[in-house]
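Student: So that we are looking at the same thing, I have put the structure below in structure tokens.
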Amino acid sequence: MIDKYAEAMEPLDKTDALSQVVAGKSFVDIGGLWGTKGEMVTRMMKAGAKSATMADMQDENSPLWPAFDKHCEQMGVSGYGKKIVNICAPDAPQQLGKFDVVHCTGVMYHVPDVLQFLGNLTAVTGEYLFLGSSTLPPRIKNAEGMLETAPDQAVFIPNLTQRTRRIIVAYYEEIYGRMDAPFNAGGLTNDAPFFDAEGRPNFGPWWWLFTGGFMMRALSAHGFDIVAHGPNPMRFGYLMLARRR
């Protein structure tokens, strides 16, 4: 039997995938403020979105907001919206509202409560959801050993054994080495605290790692069909465009 959630080999270009569905629709980029490197607001405005909003948990005094405004000005884009919201908060759907097309990449592995995150993310999605995360392949084999992760499993980083940690770090170091970049991941390569002094979870460390198959099945369980999927161009994460059934 063919597994419809089997991971693809061909990388998925998120700009191309989203540009095919965003024209005339409302769009929100959730968690894309950091460094403005992967933001999609300017690209989707240029692709014909009816409206585009940046939503992020950074407070109003964060220098990232004016940096984003400057970036949009440099890109020749204006008329976009901005909302301060933590997508993992219980009332996030009420704060944010609903959008036709939702983009959220680089966030999922940083959130302690994945179910709350996915529930809120799908609640604000009217039609299309583009989701991406750093992931693990179903099977890793390197000098540190072998690790198999089934599509019905997730790796909880705070609980990692030293052996599993070494295998995962070696896997990512090899990929980042091909990009001539160091691999630094809070909670994985260093002792970044998972909780603050008051016992509240931090969103900086890596909390989880999953396979692309796990993510596709999770979206299916939330009532979405996978339209397109594939690894990111650097091949250290997995991307997918899903449509509400």
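Student: Please give the per residue accessible area of the stretch 11-59, computed with a probe of 1.4 Å over protein heavy atoms only, in Å².
Tutor: Details: 2040 Å² over 49 residues.
Value for the stretch 11-59: 42 Å² per residue.
Student: Tell me the per residue accessible area of the stretch 88-207 using a 1.4 Å probe; a whole number in Å² is fine.
Tutor: On the way: 5670 Å² over 120 residues.
For the stretch 88-207, the solvent-accessible area averages 47 Å² per residue.
Student: Between residue 9 and residue 142, what is the spin-label point distance in nm, taking each point 7 Å from the Cα along the Cα→C-beta axis?
Tutor: Result for the modelled spin labels: 2.2 nm.
Student: Angle check, please: helix 64-74 long axis (alpha carbons) against the longest principal axis of the chain (alpha carbons), in degrees 0 to 90, nearest 10.
Tutor: Helix 64-74 sits at roughly 60 degrees to that axis.
Student: Beyond a 22 Å Cα-Cα separation, which of these cross-linked pairs lie in this structure: 4/50; 4/98; 50/83; 46/70; 25/70; 4/46?
Tutor: On the way: 4/50 32 Å; 4/98 28 Å; 50/83 17 Å; 46/70 17 Å; 25/70 24 Å; 4/46 33 Å.
Going by Cα-Cα distance, 4/50; 4/98; 25/70; 4/46 fall outside the 22 Å limit.
Student: Taking the chain as the reference, fit the longest principal axis to its C-alpha atoms, fit the long axis of helix 212-221 to the helix C-alpha atoms, and give the angle between the two in degrees, 0 to 90, nearest 10.
Tutor: Relative to the chain, helix 212-221 is tipped by roughly 50 degrees.
Student: What does the C-alpha gyration tensor say about the overall shape of the stretch 161-245? Classify as rounded when a/c is under 1.5, otherwise prolate if a/b is larger than b/c, or oblate. Can you show the working numbers first?
Tutor: Values: a/c = 2.42, a/b = 1.33, b/c = 1.81.
It comes out oblate by the Cα gyration axes.
Student: A further question on this structure: Under a cut-off of 16 Å between alpha-carbon atoms, report the aspartates and glutamates in cross-link reach of residue 14, not counting same-chain residues fewer than 8 places apart.
Tutor: Answer for residue 14, where 16 Å is the Cα cut-off: 29, 39, listed by chain and number.
Student: What do you get for trypsin sites (Lys or Arg not before Pro) in the stretch 1-95 restricted to DSSP loop and a cutoff of at most 11 other Cβ within 10 Å of the site's Cβ?
Tutor: 4, 37
Student: Please identify every one of the GluC sites (Glu not before Pro) in the stretch 17-104 that sits in a loop by DSSP and has no more than 12 other beta carbons within 10 Å of its own beta carbon.
Tutor: Details: sites: 39, 60, 73; in loops: 39, 60.
Within the stretch 17-104, the qualifying GluC sites (Glu not before Pro) (loop, at most 12 other Cβ atoms within 10 Å) are 60.
Student: Still on this structure, please answer the following. Leaving out ligands, DNA and RNA, and with a 1.4 Å probe, what % of the accessible surface on the chain is carbon or sulfur?
Tutor: Values: 6230 of 11950 Å².
The value for the chain is 52 percent carbon and sulfur by accessible area.
The values are calculated or read from the model by the stated rules, or taken from the named source; none is laboratory data. Just so you know, these numbers come straight off a predicted model, no measurement behind them. Cβ atoms come from the backbone with ideal geometry, glycine included; neighbour counts cover every protein chain shown. Surface accessibility is based on the protein's heavy atoms, side chains included, excluding ligands, DNA and RNA. Shrake-Rupley method; radii C 1.70, N 1.55, O 1.52, S 1.80 Å.
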